[in-house]
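Data first, discussion second: the structure below is written as structure tokens.
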Amino acid sequence: MLVTLQTSISGINFENPFLLASAPPTSLIESIDIAFQMGWGGAVVKTITPDNLEMTEASPRYTVLEDKKHIVGFQNIELLSHKTVKYWHDGIKYLKQKYPQKVIIASIMAPVNKEAWQNLVKTLNDTPADAFELNFSCPHGMPEKGIGMAIGTDAEISFTITKWVKEVSQKPVFVKLSPNVSDIASIARAVEQAKADGFAAINTVQGFMGLDLKTLKPLLNVNGKTTYGGCSGIMVRPIGLRCVAQIRQTSTLPILGQGGISTWEDAVQYICAGSNAVQICTEVMLNGFKIIGPMLKGLKNYLEEKGFSGIDALRNKAIEVLTSHKDLIKTPLAYPQINHEKCGRCGKCVTICMESEHQALQLNDGNITLDKNRCVGCGLCRFVCPAGAICRE
Ligand SMILES: Cc1cc2nc3c(=O)[nH]c(=O)nc-3n(C[C@H](O)[C@H](O)[C@H](O)COP(=O)(O)O)c2cc1C
């Protein structure tokens with residue numbers, strides 16, 4: 001079977017579905033240049049703003065969440081591109097001349113003012129960028145100015161700005177949505193009504209990493225104070241996947257999925273949830289552009305193994321199995337099956353089952369036994385067993 005990673009979205013050809021997300025790895029033309037040489041299919045440039053938009057960065061900008069010394073996510077408070085519109089105007093032209101087959105998306109943000117948005121779009125219309133991405137979703141700094149997430153959490157303003165942009169844009173327009181809303185589908189519907197061509201989701205999840213308990217100072221300590229920031233990386237992946245699926249359940253427009261993608265398997269999950277291509281930021285910031293090699297190889301091998309000729313065959317696979325809780329078939333129960341040879345008799349499953357309500361597992365004569373009259377098939381014991389001795393019946 002001939003497998004291809006190529007895909008086409010809103011008339012744009014992608015040599016592969018892996019894009020750099022708008023973020024520090026796309027803050028410089030030189031960096032994007034290197035990433036393209038290493039195999040990335042495209043890049044969304046760091047969000048461009050009108051030159052007169054005042055932005056002062058705080059220092060430091062990051063703190064991390066670690067699990068046994070492994071970084072599982074960032075909280076960042078970085079703002080947008082500090083380069084001029086001319087820098088991006090000329091830089092995008094340079095990149096597209098050098099790499100005509102790579103996809104370049106201009107991420108933009110402006111104050112809630114028709115002229116400001118339309119001027120930015122008109123200036124960048126005159127570049128070979130393939131599309132615009134409207135950043136309605138930065139959760140820190142910009143909402144205080146009434147932009148970023150302040151736009152993406154309000155369906156009416158999101159509709160209005162998308163409409164302004166669509167009036168003048170000569171390119172497809174993707175709207176980057178915020179996960180920090182109670183109903184992302186309602187915002188997606190509003191921008192679709194304003195004729196958006198597609199979505200990008202998710203931007204960072206607003207969060208607070210807390211204090212250093214030795215000093216009682218903030219972990220993200222900006223001269224003794226801190227602020228809520230944007231969380232990213234693998235810790236946000238389930239939120240991103242949920243948002244992408246909810247958008248897909250309400251719209252057939254293309255989605256550029258992102259949020260916690262660190263492996264090709266994560267990318268497949270996003271495609272199954274409805275994404276047409278994926279974007280990556282935090283994993284690149286932790287391990288460099290070179291991660292694209294294993295991503296391309298892994299995805300291609302997987303498609304080959306599955307007998308699929310391309311990623312289209314995977315799209316929406318998760319949508320087919322998503323239903324409401326009410327409609328889940330509730331029987332038979334998924335009882336645990338204990339592998340007594342593997343079991344280390346540590347009793348952890350017994351304790352957890354005892355203390356988390358059901359009291360269905362017991363240690364009797366050195367063996368774990370199950371009382372099916374008490375077991376509700378919740379599945380928790382499987383996940384706490386350190387020996388991997390419990391599977392589903
Ligand atoms: C330090 C940092 C800066 C970011 N800057 C932007 C930005 O300028 N524009 C934007 O749309 N998203 C920005 N993002 C969000 C990312 O593009 C991406 O949506 C988010 O981090 C989730 O993907 P990830 O888990 O792969 O990082 C930024 C993220 C980080 C961590």
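The values are calculated or read from the model by the stated rules, or taken from the named source; none is laboratory data. None of these values were measured; they are calculated from a predicted model. Neighbour counts run over all protein chains shown; Cβ positions are idealised from the backbone, glycine included.
In table form, for the structure just shown:
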item: Single match in Ala58, Ala129, Ala43 (criterion: more than 18 Å from the chain's Cα centre (by Cα), in contact (Cβ under 8 Å) with a residue 40 or more places away in the chain, under 20 Å from Leu256 (Cβ atoms) and within 15 Å of the ligand (Cβ to nearest atom)); result: Ala129
item: Unmet requirement for Leu241, which otherwise passes all of (1) away from the ligand (no atom under 15 Å from the Cβ); (2) surrounded by 15 or more Cβ atoms within 10 Å (Cβ to Cβ); (3) under 25 Å from Glu78 (Cα atoms); result: (1)
item: Residue within the stretch 322-331 that is within 30 Å of Thr7 (Cα to Cα) and surrounded by 12 or more Cβ atoms within 10 Å (Cβ to Cβ) present; result: yes
item: Given (1) away from the ligand (no atom under 13 Å from the Cβ); (2) crowded, with 24+ Cβ neighbours inside 10 Å, index of the condition Thr204 fails; result: (1)
item: Residue match in the stretch 136-150 (condition: more than 15 Å from the ligand (Cβ to nearest atom), at pLDDT below 95 and in the same structural domain as Gln37 (by TED's automatic domain parsing)); result: yes
item: Of all residues making up the stretch 76-99, the number that are within 11 Å of the ligand (Cβ to nearest atom) and crowded, with 17+ Cβ neighbours inside 10 Å; result: 6
item: Single unsatisfied condition, Gly73 versus (1) more than 16 Å from the ligand (Cβ to nearest atom); (2) in contact with a Cys (Cβ under 8 Å, 6 or more places away or on another chain); result: (1)
item: In the stretch 17-38, residue surrounded by the fewest Cβ atoms within 10 Å (Cβ to Cβ) [restricted to those that are within 11 Å of the ligand (Cβ to nearest atom) and part of a loop (DSSP other than H, G, I, E, B)]; result: Ser27
